[in-house]
Structures are given as C-alpha cells and as structure tokens.
Amino acid sequence: RAKETGRDTFCFYDANMNARAAPRLRLELELRRAVERQELYLVYQPKADLLTGEVSGCEALCRWRHAELGMVPPGEFIPVAEESGLILPIGRWVLESACAQMREWLDAGVACPHVAVNVSPLQFLRDDLVADVSALLSRYRLDAGALMLEITESTLMRDPERAIAMMRRLKAIGVRLAIDDFGTGYSSLGTLKRFPIDYLKIDRAFVTDLTTNASDAAIAVSVISLAHSLNLRVTAEGVETEGQLLFLRGRGCDEMQGYHFSPPIMPAAFADLLAGGRGLALPVQKDLPART
Ligand code: C2E
Ligand code: MG
Ligand code: MG
Ligand code: MG
C-alpha cells in the first residue's frame, strides 16, 4: 500500500493508476461503514420447482444503497469486500438478516421451503462458520433444513480436502448445501462425488444461449444427468425465456431461478407471493422425463 511504503515511492504511481485506484479505495472506505450505517439490505429471488411450478425456495441477495454513490452492484462491492476482509462482518450480517427474515415469515404464517445464502470463500474457510450458523439457527428457532448455503465451485476447488471437511461439519448440523455457478470451476468428477451436497446450480453462462448454442445445450444436459446420477437436485440460474424453461424442464432439470419467473424482490413482495400461492406458470409440455 502506498501509505505504508511512504512518500518516496509515490512516484511509482502515475496519474492513470491513481485514477483507477481511487474509486476502488473509496468503495472500500465506504463499505467499511455500510453495515453500521444500515445501507445494506437483502432481496430474495424465488426459485420454482419445474415439476409443479411451486415456489421451492429463494436466494437471499445482498444490496448496497449508498447515500451519494447510489446503488452499488454486488459485482462491484462483493469482490472489494472479499479482498479487504470486509466480507466477514458483511457475510455475518447477511446470514443473520436472512435468519431473522425466515423467522418473520414463519411468524406471519408464510414459511418458505428454503432460503439460500451465498457464502464467500473467506467466510467458508473460517472455522467459526459452523458455530455461527448453529447459533443463528437456535436464536431464531429455525429448522436447519430450511437454510441452504451456496458455495461456488471455484471456492470449493481452492482446497477440496478442507472444503469437504467443512461441508461435513455443516451437513452435521443439518443445513443444506448447494454448489453455485457450477460448470465454471473445474471440479474433477472424483472430487465432486465426495462433496456432501444437495444441489448443483448450473451457471447462467450455460443457460443464456441454451436454445441457440449446441455446446451450451450439451453442457446443461450433462450437468443435469451428472447431478441426477449423484442423487443431487439441479437448479438452473438465469432463466429468462420460456424457450429456456421448456428445454430445461424437458431435460429433467428440477428447479429454476431467473427473471422469467421473478427478479429478486423485497421481503414483503416475497411474502405476498408465498401467501398468494402464485407459482411459475408452466407451459404445456408433453413427454416429460420420469423423475426419481
Ligand atoms: P449468484 O449467487 O450466482 O446470484 C445470481 C445472480 O444472478 C444474482 O445477481 C441475480 O440477481 C442474477 N440473476 C438472477 N436471475 C437472472 C436472470 O434471469 N438474468 C440475469 N441476467 N441475471 C439473473 P446479483 O444479485 O447481482 O449478485 C451477483 C453475485 O454477487 C451473486 O451471484 C453472488 O456471487 C454475489 N452475491 C450477492 N449477494 C451476496 C451475498 O450476500 N454474499 C456473497 N458472498 N455474495 C453475494
Ligand atoms: Mg448464489
Ligand atoms: Mg450462482
Ligand atoms: Mg452465477
């Protein structure tokens, strides 16, 4: 860091570098205060069961509204949080807020089958994650099976042995586990079969051009069959069109998430969705594959 190396080294930074570094630094400084300033909130994106059309759960997604910067997208602030270590307090806040929300929905009589929370690499490899999660489950009197943790494939592949050990401890307290962004992280099949997980989420990168790109279609089909042969359920991310929905449903994909059903929404809107029993309108489709 420039500050630590001192004044004499300042000439190493040209004007261009400063211009690029400054917003990043500003973001980090602002993010440091975001939790206490209550600038973070969660939105919830419904997931739908592709067999019944019913809401099968949701994913909690973090949002940051800064007084001057406005909405800062997660694609910008999550990497900054991760690199600066701020993801630890933020991740803890996300977990707690999601648990508090689950309790609120339960009290309102609109239980959501599962709420998934994203766990970042730094958070996942911390020993205290298990204790934190189980403390939250008891504080909010939640059924552990209603909480799902989404961990990206690339996080798991950083240190697969350690990841397996951590996942076993999380499974032991009863939470469900999903591999997020599957297809982008190079797991070997041998490693994948040792992960004690419940869901694979097919990355949006393979869903977007599903109906026009033969390779993406082939990848999606393979992931679905791989998941089923390992007794896992599959969720497709980023489903935006009926064509994608028809394709995935026809190939036996279990669950979908995407703008075609719903964008991420505020908790009250999600409660309305659950209360109204409004699921995904399924297109008429013949020859659905048999489910196991
Ligand atoms: P992700 O976990 O893969 O989440 C899915 C992302 O896809 C979300 O972006 C969601 O809004 C977006 N999405 C859902 N359906 C569609 C669709 O049909 N089309 C398109 N184009 N996009 C769709 P979002 O909310 O911007 O989050 C981006 C990423 O930031 C997440 O990817 C996740 O990796 C990270 N993130 C978000 N919230 C958290 C959090 O609380 N903790 C951690 N560690 N990471 C988070
Ligand atoms: Mg996710
Ligand atoms: Mg994802
Ligand atoms: Mg993704």
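The values are calculated or read from the model by the stated rules, or taken from the named source; none is laboratory data. Please read these numbers as outputs of a predicted model, since none were measured by experiment. All Cβ positions, glycine included, derive from the backbone under ideal geometry; neighbour counts span all protein chains shown. Please note that ligands, DNA and RNA were not included when accessible areas were found on the heavy atoms of the full protein model with its side chains. Shrake-Rupley method; radii C 1.70, N 1.55, O 1.52, S 1.80 Å.
Restricting to the stretch 272-287, and then to whatever is part of a loop (DSSP other than H, G, I, E, B) and either touching a helix residue (DSSP H, G or I) at 6+ places or on another chain (Cβ under 7 Å) or among the acidic types (Asp, Glu) (or both), can you tell me which residue is modelled with the highest pLDDT? Please lay out each step first, then the result.
Kept after step one, since they are part of a loop (DSSP other than H, G, I, E, B), are these residues of the stretch 272-287: 276-287.
Those left that are additionally either touching a helix residue (DSSP H, G or I) at 6+ places or on another chain (Cβ under 7 Å) or among the acidic types (Asp, Glu) (or both): 283, 285, 287.
Working: PRO283: 80, GLN285: 75, ASP287: 67.
So, considering only residues that are part of a loop (DSSP other than H, G, I, E, B) and either touching a helix residue (DSSP H, G or I) at 6+ places or on another chain (Cβ under 7 Å) or among the acidic types (Asp, Glu) (or both), the one modelled with the highest pLDDT is PRO283.
Pairs are defined by a Cβ separation below 9 Å, a sequence spacing of at least 6 or placement on different chains, a first member in the stretch 187-209 that is on the phi > 0 side of the Ramachandran plot and touching a residue at least 24 places away in the same chain (Cβ under 8 Å), and a second member that is in a strand (DSSP E or B) and open to solvent by less than 60 Å² (accessible area, probe 1.4 Å); no pair meets this definition.
Of all residues in the stretch 142-166, those being closer than 15 Å to LEU192 by Cβ, buried (at least 19 other Cβ atoms within 10 Å of the Cβ), of a type outside the set (Gly, Ala, Ser) and away from ligand 2 (no atom under 16 Å from the Cβ) number 0.
In the stretch 120-140, the residues that are modelled with pLDDT of 95 or more form Cβ pairs under 7 Å with partners that are buried (at least 17 other Cβ atoms within 10 Å of the Cβ) and not in a helix (DSSP H, G or I), at six or more places apart or across chains, as follows: PHE124/ILE151; VAL133/VAL175; LEU137/LEU147.
If a residue counts only when it is in contact with a strand residue (DSSP E or B) (Cβ under 8 Å, 6 or more places away or on another chain) and more than 16 Å from ligand 3 (Cβ to nearest atom), which helices (runs of 4 or more DSSP H) contained entirely in the stretch 64-163 have at least 1 such residues?
On the way: elements: 74-84, 87-107, 121-124, 129-139, 153-158.
Once the helices (runs of 4 or more DSSP H) in the stretch 64-163 are filtered for at least 1 residues that are in contact with a strand residue (DSSP E or B) (Cβ under 8 Å, 6 or more places away or on another chain) and more than 16 Å from ligand 3 (Cβ to nearest atom), what remains is 74-84, 87-107, 129-139.
Scanning the stretch 212-242 for residues that are surrounded by 17 or more Cβ atoms within 10 Å (Cβ to Cβ) and within 16 Å of ligand 1 (Cβ to nearest atom) returns ASP216, ALA220, VAL223, VAL234, THR235, ALA236, GLU237, GLY238, VAL239.
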